[in-house]
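The values are calculated or read from the model by the stated rules, or taken from the named source; none is laboratory data. Given the structure is predicted, the values throughout are model-derived calculations rather than measurements. Cβ placement follows ideal geometry from the backbone for every residue including glycine, while neighbour counts extend to all protein chains displayed. Just so you know, the surface numbers come from the protein's heavy atoms only, side chains and all, with ligands and any DNA or RNA stripped out. Shrake-Rupley method; radii C 1.70, N 1.55, O 1.52, S 1.80 Å.
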There are 2 protein chains.
Amino acid sequence: MIRILFAAGAARWDTWAPPLRAALDRMGLDYQLAQEMAPEQVDYIVYAPDGDLEDFTPYVRVKAVLSLWAGVEAIIGNRSLTQPLARMVGGGLTEGMVEWVCGHGLRHHLGMDAHIVNPEHAWHWAPAPLATERAVTVLGLGALGTPVAQALAGLGFPVTGWSRRPKAVPGLRCLHGEEGLRAALEGADMVVLLLPDTPATQNLLDAERLSWLSEGAFVINPGRGSLIDDAALLEALDSGRLAHATLDVFREEPLPRDHPFWAHPKVTVTPHVASETRAGPGAEVIAENIRRGEAGEPFLHLVDRTAGY
Amino acid sequence: MIRILFAAGAARWDTWAPPLRAALDRMGLDYQLAQEMAPEQVDYIVYAPDGDLEDFTPYVRVKAVLSLWAGVEAIIGNRSLTQPLARMVGGGLTEGMVEWVCGHGLRHHLGMDAHIVNPEHAWHWAPAPLATERAVTVLGLGALGTPVAQALAGLGFPVTGWSRRPKAVPGLRCLHGEEGLRAALEGADMVVLLLPDTPATQNLLDAERLSWLSEGAFVINPGRGSLIDDAALLEALDSGRLAHATLDVFREEPLPRDHPFWAHPKVTVTPHVASETRAGPGAEVIAENIRRGEAGEPFLHLVDRTAGY
């Protein structure tokens, strides 16, 4: 009997329990799944940082903590969590992110806002350039950044992907490291941030690096709020250097009502909706890791706590 | 010496003459390209319906009329035009159309407008469904409809393509004919119109056919204004059956300032910008047809005047 504690928030139980049971049943596992369980009996914890569980110490026989979230910055500071920790990869996260970034990228590319809000009823014929004429840079070539960059390339944009360590992805110009960052940002007409929140990525897009982008560039951030120096971003928008920023993530969420992003005419705020784990495909990812744990196979998507993701 | 008359509007001369010359030079042709020429000497006419040329009778030795436009409904009524007529296919038209339709499709799919215009500064967390959960139907599987449908399928949407005659396109559910039209529209959450303007397509999307779409469906028309019964569309929007219509083409263009589409909260008007021929790639298409004419090879993209496209 495998004992699985669901500690991912009571509000998620009704959505997640049925697909989790269905996925575990399909794997032929003998299990108990519940929201309450004696800690010393628990084998696996299905977890989300916004649930109630804070002290992992009593869970002495847990083989893995399986998070429903892709980001782990709210977890890895927890020193009581010494068990193997897996983050969510897949589970509909990728598809949702690809759709959100392609949608907002094309929105800026096509200049849609001028048609969506057009109180003058102006028939102003000005076709957009083709995507082939608009250079896009994606910062981060991980589980989300790579498919996003490839989808943008599939729409015709010339795409540069940047990562801390060297990577090669078909269809992209790949750059890496500090020296690669400047080349990745220089001449970019649109930049998409899909890096994790780590000490090394704090304010990665600061005033100097924003100045490397093309005149009139667009910034799209569905990654983490901490990746951008907010004050430098506002200054670059106000000075006219940047055309627009569409932001889905913020240092504080919900974004405080008095934050200047809300009322800024060149900022679009979306409420952290770019991507979320869907229970159906997400349950498959969780169940597969439990199957692996029981079969003695290595877990998928284990977090490297030194790197922070 | 091949004599090529440029009769596609004086305003286009500066944009088109250099790439046309470059393309013709690359093909090693001996030619003269000019805006004025004795009619009886002309071998080819580069044409656009909004230029000055109306009477083709004096052009007795013309081998082909090569239009810069994809649509030919403004040309085929001209009885003096008896020479072979080729329309524009390619020339950046396809890429631009794919980008515009994917962009506006994702805009509706993601519910972007609520974030672009959000005067209340509401942090309303409501992620969109995945594209896999949203059925899209593309009416018309021609030179534009087919790549548009495939691009939407590439973004994850389940796509049905409909054409008058049977077609098979990888990745799409293909339906055809009158009986196929009902099946194509029933259950569609989004419909994209990319049919030509012919007697058979007038008001194709009428009140009855609009009623076949899913509750809350989106209509996207970058094809021709005549494809939709405007009054029926407004009624379906007002009754709440349809969520929104984004229209790029109209029976009269520019759309008259008093037309109800302009002020309707569920209609987005774009000023016929979804796609246009770009001089660079368009010049290659024109030059290739001239090369074919001189080599005795069949012309590309000849118009079938009986079918009307």
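Okay, residues lined up against (1) under 25 Å from B:Q202 (Cα atoms); (2) in the same structural domain as B:L29 (by TED's automatic domain parsing); (3) in contact (Cβ under 8 Å) with a residue 60 or more places away in the chain:
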{"site": "B:W262", "(1), (2), (3)": "yes, no, no"}
{"site": "B:A287", "(1), (2), (3)": "no, yes, yes"}
{"site": "B:I290", "(1), (2), (3)": "no, yes, yes"}
{"site": "B:H301", "(1), (2), (3)": "yes, no, yes"}
{"site": "B:Y309", "(1), (2), (3)": "yes, no, yes"}
Going through the range B:251-284 in order, the residues found to be facing chain A (nearest Cβ under 8 Å), surrounded by 15 or more Cβ atoms within 10 Å (Cβ to Cβ) and not small (G, A, S) are B:P254, B:L255, B:W262, B:T268, B:V269, B:T270, B:P271, B:H272, B:V273, B:E276, B:R278
Matching residues in the range A:67-88 - criterion: being open to solvent by 10 Å² or more (accessible area, probe 1.4 Å) and touching a helix residue (DSSP H, G or I) at 6+ places or on another chain (Cβ under 7 Å): A:A70
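Here is a check on your reading of the model: is A:G177 modelled with pLDDT of 95 or more and more than 22 Å from A:Y309 (Cα to Cα)?
Numbers: modelled with pLDDT of 95 or more: yes; more than 22 Å from A:Y309 (Cα to Cα): no.
Criteria not met by A:G177.
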Enumeration of residues in the range B:169-180 that are of a type in the set (A, V, I, L, M, F, W, C) and in contact with a helix residue (DSSP H, G or I) (Cβ under 7 Å, 6 or more places away or on another chain): B:V169, B:L172, B:L175
Reported set for the range A:106-155 where residues are touching a residue at least 24 places away in the same chain (Cβ under 8 Å), out of contact with any helix residue (DSSP H, G or I) (no Cβ under 9 Å at 6 or more places or on another chain) and closer than 29 Å to B:P265 by Cα is A:H108
